[in-house]
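Since the structure comes first, as structure tokens, the remarks are kept for the end.
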Amino acid sequence: MTKRLILGLAAASTALAAMPAAADWREDMPEFRIGLLGGENEADRLRNNDCLRGALEERLGVPVELFPAPDYAGVIQGLVAGQLEYGALGASAYAAIHLQDPDAVDPIFVSAEADGSTGYIAPMYVRADSDIQSLEDMEGRSLAYADPNSTSGYLVPKFELSQQGIDDEEYFSRTGFGGGHEQAVIAVLDGQYDAGVTWASGQGDPDDGYTRGNLRRMIDNGLLDMDELRIIWGSDEIPNGPVVIHNSVPAEAREIVEDYLANQLEQDPDCYYDISFGEGQGWVRVDHSFFEGIVAMRRSEVDGSR
């Protein structure tokens, strides 16, 4: 090797060493924060989502933290403020974020039901020993909504009842919020309310708590026996709620998250079942257009409350 070549290689090496290293997106996102909606006790939420935390932490190469909120509003505000990078929401909670800041998050997936559909229902339930057999029997009785930001636990049932000519403030003796889907069921079982509304896949046998949803999860966790409840009404189909990602998440990190979810059912089925509340056919890609009807419904609800 000639002296001139040696000097040339040395100079090139020195120049490369002097160049600044390419910026690593992990410097801009030192941790990945996942918001967990209220509606299920905190220990169960953390346990069911720990597989997601571990899988994403391994793939992203940054710490992944779970943040369980006491209610829906906590996750909504965390995403709007950029204090969370990811959340699995109901359609109404997504609509609430979109109405506050249309550029805050992108909906990227919804979970498909056992038959491949991408919707679910809001069933109204009463205690099995109640004399209430139908919606008509609910006149003058009390109703527990789940959360003011819940799609199935408030927005859609209230809207559909109003479409049937039922003003919930006049028709029921009183309404209130149970503090979440699970808590509302317990309130009905304890006799604090005559009925409640929650979410379920609408697939499978109602007497088994359907294939997926709050009732199914409570049964699986030993908190409910469906012999204790009776379903008396169900909503029309509701768009499944989305997984959303904050728009500040770097493109490479977003691709990693999306790739994991797109293949989760095949590659990590136990985790899919844990985080999606039961049986389903995996994640289906969506965008904002999937939720335009719910956004319009939410906008109408907000305008009507002013």
**OP:** Report, by residue number, each residue of the range 110-140 that is crowded, with 22+ Cβ neighbours inside 10 Å and over 30 Å from D190 (Cβ atoms).
**Re:** V110, S111, E113
**OP:** For residues that are acidic (D, E) and in contact with a helix residue (DSSP H, G or I) (Cβ under 9 Å, 6 or more places away or on another chain), scanning just the range 239-265, find the one that is nearest to E113 (Cα to Cα).
**Re:** D259
Original post:
(1) over 21 Å from the mean Cα position of the chain (by Cα); (2) surrounded by fewer than 19 Cβ atoms within 10 Å (Cβ to Cβ); (3) under 24 Å from D44 (Cα atoms): which one isn't true of F177, the others all being true?
Top reply: (1)
Original post:
Which of the residues belonging to the range 59-92 are of a type in the set (G, A, S) and touching a residue at least 12 places away in the same chain (Cβ under 8 Å)?
Top reply: G61, A69, A73, G74, G78, G82, G87, A88, G90, A91, S92
Subject >> Among (1) of a type in the set (D, E); (2) touching a Gly at 6+ places or on another chain (Cβ under 8 Å); (3) over 25 Å from A200 (Cβ atoms) - the single one E258 does not satisfy >> reply: (2)
**OP:** Please indicate, with yes or no, whether at least one residue in the range 157-166 is modelled with pLDDT of 95 or more, under 18 Å from the mean Cα position of the chain (by Cα) and aliphatic (A, V, I, L, M).
**Re:** no
Original post:
Here are some conditions: (1) touching a helix residue (DSSP H, G or I) at 6+ places or on another chain (Cβ under 7 Å); (2) under 28 Å from H288 (Cα atoms). Y154 meets all but one. Which one does it not meet?
Top reply: (1)
**OP:** Provide a single number: the residues in the range 198-227 that are closer than 19 Å to S134 by Cβ and surrounded by fewer than 19 Cβ atoms within 10 Å (Cβ to Cβ).
**Re:** 2
Subject >> Subset of the range 150-167 (residues that are surrounded by 21 or more Cβ atoms within 10 Å (Cβ to Cβ) and part of a loop (DSSP other than H, G, I, E, B)) >> reply: S150
Original post:
Of the residues E182, E170, which is of a type in the set (D, E, K, R) and either assigned to a loop (DSSP other than H, G, I, E, B) or over 30 Å from A112 (Cα atoms) (or both)?
Top reply: E170
Original post:
Would you pick out the residues in the range 260-302 that are at pLDDT below 95, assigned to a helix (DSSP H, G or I) and among the aromatic types (F, W, Y)?
Top reply: Y273
Original post:
Restricting attention to the range 42-55, does a residue exist that is touching a Gly at 6+ places or on another chain (Cβ under 9 Å) and assigned to a strand (DSSP E or B)?
Top reply: no
**OP:** Tally the residues that are assigned to a helix (DSSP H, G or I) and buried (at least 24 other Cβ atoms within 10 Å of the Cβ), restricting the search to the range 76-92.
**Re:** 4
**OP:** Restricting attention to the range 100-133, report how many residues are of a type in the set (A, V, I, L, M, F, W, C) and part of a strand (DSSP E or B).
**Re:** 7
Subject >> Meets criteria (among the polar types (S, T, N, Q), touching a residue at least 12 places away in the same chain (Cβ under 8 Å), touching a Lys or Arg at 6+ places or on another chain (Cβ under 8 Å) and under 19 Å from D225 (Cα atoms)) for S130 >> reply: yes
Original post:
With A104, A95 as the choices, which residue is of a type outside the set (S, T, Y), buried (at least 24 other Cβ atoms within 10 Å of the Cβ) and either within 21 Å of Y154 (Cα to Cα) or modelled with pLDDT of 95 or more (or both)?
Top reply: A95
**OP:** Read through the list (1) modelled with pLDDT of 95 or more; (2) surrounded by fewer than 15 Cβ atoms within 10 Å (Cβ to Cβ), then give the number of the only condition that L7 fails.
**Re:** (1)
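The values are calculated or read from the model by the stated rules, or taken from the named source; none is laboratory data. What you see is a predicted model, and the numbers here were worked out from it, not measured in a lab. Virtual Cβ from ideal backbone geometry, glycine too; neighbours counted across all protein chains shown.
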